[in-house]
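Report on the structure given below.
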Amino acid sequence: KNQITQINAVYGNSTYSLNDLVLGLAMIMRTYQPNEIRTQSTYVNKTYPDHSDHMAVSKLVDRAYRLFEIGQFGKASIPIVHYIGYPIH
């Protein structure tokens, strides 16, 4: 299975690795000190199908959140809430 190791900006002026994206999200969390983080869910089943891009975003945010927690001395300083995308009414 091919795995993407980097993505390029539309105009080709920037390249980002997976690690760059996670570190960037963690930096945003540290900078803005949110009271709550909301993201898509990684929950998958046939009753509530969702797009893979939503689940990918959630995985990136979860990784960044763990880095953010480590930077906050290992404590869960703010809640993280996950939402299922399209099946929500």
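The values are calculated or read from the model by the stated rules, or taken from the named source; none is laboratory data. What you are looking at is a predicted structure, and each value in this text was computed from that prediction instead of being measured. Note that we place each Cβ from the backbone using ideal geometry, even for glycine, and neighbour counts take in every protein chain shown. The accessibility values were calculated without ligands, DNA or RNA, using every heavy atom of the protein model including side chains. Shrake-Rupley method; radii C 1.70, N 1.55, O 1.52, S 1.80 Å.
Would you mind working out the accessible area per residue for the chain, using a 1.4 Å probe, and quoting it in Å²?
So the chain comes to 78 Å² accessible per residue, rounded to a whole number.
Step by step: find N for the chain, compute 2.2 N^0.38 Å, then divide the Cα radius of gyration by it. What's the final number?
1.22
Once the convex hull of the C-alpha atoms of the range 33-80 is built, how many Å³ does it hold per residue, rounded to a whole number?
It comes to 73 Å³ per residue, whole-number rounded.
For the range 1-50, what is the Kirkwood hydrodynamic radius in Å, using each pair of distinct C-alpha atoms?
Here the Kirkwood hydrodynamic radius works out to 14.0 Å.
Sorted by average packing, counted as other Cβ atoms within 10 angstrom per residue and highest first, what order do 33-45, 6-18 take? Could the numbers behind the result be given before it?
Numbers: 33-45: 13.4, 6-18: 9.8.
The peptides rank, most packed first, as 33-45, 6-18.
Calculate one ³J(HN,Hα) per residue across the range 12-28 by plugging θ = phi - 60° into the Karplus curve 6.51 cos²θ - 1.76 cosθ + 1.60, and present them in order as whole Hz with x for glycine and proline.
My calculation for the range 12-28 gives x, 8, 8, 10, 10, 8, 4, 4, 4, 5, 5, 5, x, 5, 5, 5, 4 Hz in order.
Between Ser77 and Ser17, what is the FRET efficiency for a Förster distance of 35 Å, r being their Cβ-Cβ separation, to the nearest 0.05?
0.85
Under a point-charge model restricted to the Cβ atoms of Lys and Arg (+1) and Asp and Glu (-1), what is the dipole moment magnitude of the chain relative to its Cα centre, in debye to the nearest 20?
Numbers: 8 positive and 6 negative charges, 34 e Å.
With Lys and Arg at +1 and Asp and Glu at -1, about 160 debye.
Leaving ligands, DNA and RNA out of it, report the carbon-plus-sulfur percent of the accessible area of the chain at a 1.4 Å probe.
Working: 3890 of 6960 Å².
Its accessible area is 56 percent carbon and sulfur atoms.
FRET efficiency for Lys46 and Ile7, Cβ-Cβ distance as r, R0 = 30 Å, nearest 0.05?
0.50
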